[in-house]
1. Taking only Cα atoms and a 10 Å spring cutoff, compute GNM fluctuations for the chain and point out the largest among Gln151, Gln45, Gln186.
2. Assuming R0 = 35 Å, can you tell me the calculated FRET efficiency for the pair Thr168 and Glu195, based on Cβ-Cβ distance, to the nearest 0.05?
3. What residues have an amide H closer than 5 Å to that of Gln186, excluding those fewer than 5 places away on the same chain, when H is modeled at 1.01 Å from N in the peptide plane?
4. Which value, in Å² and to the nearest 10, is the accessible area of Val222 when all protein chains are kept and the probe is 1.4 Å?
5. Between Lys117 and Thr227, what is 0.36 nm times their sequence separation minus the Cα-Cα distance? Round to one decimal in nm.
6. Is the range 170-278 best put as rounded, prolate or oblate by its Cα gyration tensor, with a ≥ b ≥ c the root eigenvalues, rounded for a/c under 1.5, and otherwise prolate when a/b is larger than b/c, oblate when not?
7. With +1 assigned to the C-beta of every Lys and Arg and -1 to the C-beta of every Asp and Glu, and no other charges, what is the dipole magnitude of the chain about the Cα centre in debye, to the nearest 20?
8. Taking the Cα centre of the range 204-260 as origin, sum charge times position over the Cβ atoms of Lys and Arg (+1) and Asp and Glu (-1), and report the length of that vector in debye to the nearest 20.
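The values are calculated or read from the model by the stated rules, or taken from the named source; none is laboratory data. What you are looking at is a predicted structure, and each value in this text was computed from that prediction instead of being measured. Backbone-built Cβ (ideal geometry, glycine too); neighbour counts: all protein chains shown. Ligands, DNA and RNA are stripped out before the accessible areas are found, and what is left, the full protein with its side chains, is counted by its heavy atoms. Shrake-Rupley method; radii C 1.70, N 1.55, O 1.52, S 1.80 Å.
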Amino acid sequence: MLIDQREKTNKIIKKVYELRDEANILLETAQKELRNELKMPPISQLRPKYFVNSSVRNFVVKTNQLEHRFDASYHIPLANEIISKIKKLGIPMVTLQNSNLSKEIILPGRFKRFYVKKEFGVPFIGSKEILQYDISSCKFLSIKKHSRRIQKQLVLKENMILITCSGTIGNVILSPKYYNGLTSSQHVIRVMANEIHPGYIYTYLASDYGRVLIQRYAHGSVVDEITDEQVGLIPIPLLEPTRMNSIGKLVLKANKMRSEAYELENKAIKDVESMIMN
């Protein structure tokens, strides 16, 4: 009986890895389709224009392009090169704050966290943990102390686009089903998509091009930060709806596989724990 259970658990874990591998392939396919639609070369092949001398690489910014930013990192030619190449193809670009793209962009306020035992709280994950498959080690945020903030700012929902916005800038994921009801910190901006497919918006923001356009907004003397308002200003290229939906569906399928893998893995862990206890 023990051998049968071990074989069963082994099959489940193999299935978990197969699902995650297939999900990663789907996400890579979505990125390839996006690049093909935008007719963009790999970012390493872009050649933004600089004035170059023997020791310093520099560039010029016109006064009407400053946008109240005097830090050179905001005006990097690579960001302008990405936007320029997309626009030259006649592909319209609309900022993420546009109501067709997003219903809401949420950056929770800073707050002191009160952690409690599982039965008195809701699962809480940090900005580092949103990139991990396993969230079983999460803490639990007090419902009594944070109920209003949880409902209005902190709760995560399936298909929310999550963007790390403090310290490490620009890690992006599309919230999977098993994130429903979890909470996360003020170091993660939440984007609720509207009419444009959330999977497509995620794919662009998670691309090499999107990361550059997110990170250009980084500011701060000690810890880098970006705000919800700045995320709202990121330009998103609008393809034909059928193409955006096609790319977006690949991401949703990948997320479904990841959720299935998560559930299977947890079942396998419980089975092993049960074997040990018995």
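1. Gln45
2. Numbers: r = 30 Å, r/R0 = 0.86.
Working from the Cβ atoms, E equals 0.70.
3. Here nothing satisfies the definition.
4. Rounded to the nearest 10, the figure is 130 Å².
5. Numbers: separation 110, 0.36 × 110 = 39.60 nm, distance 3.18 nm.
Additional length available on full extension: 36.4 nm.
6. Details: a/c = 3.03, a/b = 1.53, b/c = 1.97.
Here the range 170-278 falls in the oblate category.
7. Details: 42 positive and 28 negative charges, 95 e Å.
In debye, rounded to 20, the chain gives about 460.
8. Numbers: 7 positive and 7 negative charges, 86 e Å.
Charge dipole of the range 204-260: 420 debye, to the nearest 20.
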